[in-house]
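Working notes, beginning with the structure itself.
The values are calculated or read from the model by the stated rules, or taken from the named source; none is laboratory data. Worth saying up front: this structure is predicted, and the values here are computed from it rather than measured. Here Cβ is always computed from backbone atoms with ideal geometry, including for glycine, and neighbour counts include all displayed protein chains.
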Amino acid sequence: MKLFKYRRFAGYTGIALAGTMALAACGSDQAVDPEENGAVSGASAECVDGGGTLSGAGASSQENAMATWKAGYEGACSGTTVQYDSVGSGAGRSQFIDGAVSFAGSDAALDETETEQAVERCNGAEVVNLPAYISPIAVVFNLEGVDSVNLSPDTIAGIFNQDITTWNDDAIAEDNPDVELPDTDIVPVNRSDESGTTENFVAYLSEAAGDTWTHDISGDWPIEPVEAAQGSSGVVSAVEGGQGTIGYVDASHVGELGTAAVGVGDDFVEYTPESAAAIVEASPQRESNSDNDHAIELDYTTDDTSAYPIVLVSYEIACMVYPEQSEADLVKSYLSYVVSEEGQEAVAEEAGSAPLTEGTRESLQETIDAISAES
């Protein structure tokens, strides 16, 4: 594998994303505005000599992050193109397992069955989950005259279980004594597609809300919806377009919507990159992990009031061995930039995510360095 440092070229002020970001019309979120992406440095990228095209697909939560990583990486690595189709986590995992893309983005690590299928796709080689994007899942709402509310885990569960149906319900009013709450009907909005964001949100409700939420954990919404929308941007559009609406999205998609502070212990915690990193730092790795796998088990029931408990850990899923050297080289090169300090800081600035800690970056890089091609 021949890699080289590509100097940052003079006069670089941005990368035109339109037309080069491969986003499917069906199932994709709205791409980030290239004018807002600004100058993204890829100075630390170790580029593949001769370039090439790398294809990935998956989580719409990573769309803004992928646009930022793509801008920095392509700006540094002449002749290299990264295509990422934000079709949702479930579809991305399926495309990876089918061999249609070289890597997948997913808001949930591969489960046992998917891992077996992915190992077969990787011709018997190990498949790994690399937690490259960490972001709060924000509970967003649109309620005239109200910008922020406190919501306990039980209350959030009651709202999305359709048991709490008006904004001035006693359960909401009790935690918001200084907020004038109208008797507006609550319209919960959930994802219509299979989604890792949904799986993480439901996992939080299952653990933190106890008997108030008794549904199975899945990437598919478990009950008949009041309103549903495709992708993170679809949920945002539905919440923005209604009144009394409430939904859940990766924090990079919040925009101007109101957000809820979530009950933790005896307090309510706003989402921030720092509070998201705090919950991830305290969570153990999954017991079933192989040597190179980095899937984690989030501790949703923490009483640490510095930690925001509804967190999305989005993974890059890759083979440890690829059939062709050129594919292995591109995967190693791009994912190395994604987990680099520069790549993480760029996405934190653009999307409000929590940068990986130095220890996590080093651990992930060891795994990425070990990616190879069949001899």
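Any residue at all in region 259-275 that is within 20 Å of the chain's Cα centre (by Cα) and within 17 Å of residue 130 (Cβ to Cβ)? No, that holds for no residue. Run down 77, 122 and say which single residue is touching a residue at least 24 places away in the same chain (Cβ under 8 Å) and buried (at least 24 other Cβ atoms within 10 Å of the Cβ). Testing whether each residue is touching a residue at least 24 places away in the same chain (Cβ under 8 Å) and buried (at least 24 other Cβ atoms within 10 Å of the Cβ) leaves just 77. When residue 197 is tested against (1) in contact (Cβ under 8 Å) with a residue 60 or more places away in the chain; (2) farther than 28 Å from residue 65 by Cα; (3) buried (at least 17 other Cβ atoms within 10 Å of the Cβ), exactly one condition is not met: (2).
When every residue of region 43-54 is checked against the conditions, none turns out to be touching a helix residue (DSSP H, G or I) at 6+ places or on another chain (Cβ under 7 Å), surrounded by 24 or more Cβ atoms within 10 Å (Cβ to Cβ) and under 15 Å from residue 350 (Cβ atoms).
Looking across region 179-218, not a single residue is under 15 Å from the mean Cα position of the chain (by Cα) and on the phi > 0 side of the Ramachandran plot. Filtering 300, 271 for residues that are modelled with pLDDT under 95, farther than 30 Å from residue 120 by Cβ, surrounded by 18 or more Cβ atoms within 10 Å (Cβ to Cβ) and not assigned by TED's automatic domain parsing to the domain that holds residue 143 leaves a single hit, 300. Listed here are the strands (runs of 3 or more DSSP E) enclosed by region 48-125 that have at least 1 residues being acidic (Asp, Glu): 80-85.
On inspection, residue 226 qualifies as surrounded by 15 or more Cβ atoms within 10 Å (Cβ to Cβ), aliphatic (A, V, I, L, M) and over 30 Å from residue 363 (Cβ atoms).
Exactly one residue among 101, 146 is touching a helix residue (DSSP H, G or I) at 6+ places or on another chain (Cβ under 7 Å) and of a type outside the set (D, E, K, R), and that residue is 101.
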